[in-house]
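Enquirer: Dropping the structure in here first, questions after.
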Amino acid sequence: MARIRQGEVRESAVTRRFTSVLAVDTNGRGFTEITGAVAAFLGGIGASEGEVSVFCRHTSASLTLQENADPDVKTDLLTALERLAPEHAGWVHDSEGPDDMPAHIKAVLTGVHLAVPVIGGRMALGTWQGLYLVEHRVRPHRRELVVAFVGEAH
């Protein structure tokens with residue numbers, strides 16, 4: 001039987017909220033790591049304890065929290081998503097090209113919102129975790145991400 005242990009419980013009064021928009025120029029289909037940009041946002045506002053969220057304002061791109069050590073993981077994830085929603089599969093919605101409807105499906109599968117606890121001014125990410133914008137369209141795009149922090153800040 002698995003053993004579960006609870007750590008220290010911290011109480012804080014949520015007193016502040018900060019938001020910003022990140023403009024990300026993608027290179028076309030693939031992963032763009034945004035961990036550093038979100039960390040810089042937190043450092044810039046003096047975040048201490050709370051939660052940071054990232055929201056993608058698009059329907060053909062998405063967000064994911066994934067391994068940031070081995071680039072083969074990102075390659076395999078793109079391959080898997082392509083198998084799940086290939087181009088030229090008879091999609092009805094193709095007014096913006098054959099990659100458009102598959103991009104919408106991939107965004108549904110991966111999601112457009114992330115929320116990460118912030119402890120001691122840093123995202124409470126695991127050792128190999130990073131935040132990524134996933135571009136599902138073939139050509140480059142400028143994507144907007146809304147970043148919000150709720151919690152204590154100095």
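Enquirer: Angle between the Cα long axis of helix 71-84 and the longest principal axis of the chain, 0 to 90 degrees, nearest 10?
Expert: With both axes taken from Cα atoms, the answer is about 50 degrees.
Enquirer: Return the carbon/sulfur percentage of the accessible area of the range 97-154, one whole number, probe 1.4 Å, all protein chains in place. Please list the in-between numbers first.
Expert: Numbers: 1570 of 2640 Å².
Carbon-and-sulfur percentage of accessible area, whole number: 60.
Enquirer: Write down the accessible area per residue of the range 1-148 in Å², having rolled a 1.4 Å probe over the full set of protein chains.
Expert: It amounts to 60 Å² per residue over the range 1-148.
Enquirer: Over the heavy atoms of Glu33, what accessible area does a 1.4 Å probe trace out, to the nearest 10 Å²?
Expert: About 90 Å², rounded to the nearest 10.
Enquirer: Right, another one. Put Arg3, Arg10 in order of accessible area, largest first, 1.4 Å probe: what do you get? Each step should come with its number before you reach the end.
Expert: On the way: Arg3 185, Arg10 140 Å².
The ordering from most to least exposed comes out as Arg3, Arg10.
Enquirer: Right, another one. What's the ranking of 85-96, 143-154, 62-73 by average number of surrounding C-beta atoms within 10 Å, highest first? Please report the intermediate quantities before stating the final value.
Expert: Working: 85-96: 11.3, 143-154: 18.1, 62-73: 15.5.
For the peptides 85-96, 143-154, 62-73, the packing ranking is 143-154, 62-73, 85-96.
Enquirer: Of the labelled options (i) -0.35, -0.50, -1.05, -1.12; (ii) -0.26, -0.39, -1.01, -1.12; (iii) -0.26, -0.39, -1.14, -1.29, which one gives log10 I(q)/I(0) by the Debye sum over Cα atoms at q = 0.09, 0.11, 0.18, 0.19 Å⁻¹ as computed for this structure?
Expert: It is the one labelled (i).
The values are calculated or read from the model by the stated rules, or taken from the named source; none is laboratory data. Predicted, not measured: the structure shown is a model, and the values here were computed from it. For neighbour counting, all protein chains shown are included, and Cβ atoms are generated from backbone atoms with ideal geometry for every residue, glycine included. SASA here: full protein model, heavy atoms, side chains in, ligands and nucleic acids out. Shrake-Rupley method; radii C 1.70, N 1.55, O 1.52, S 1.80 Å.
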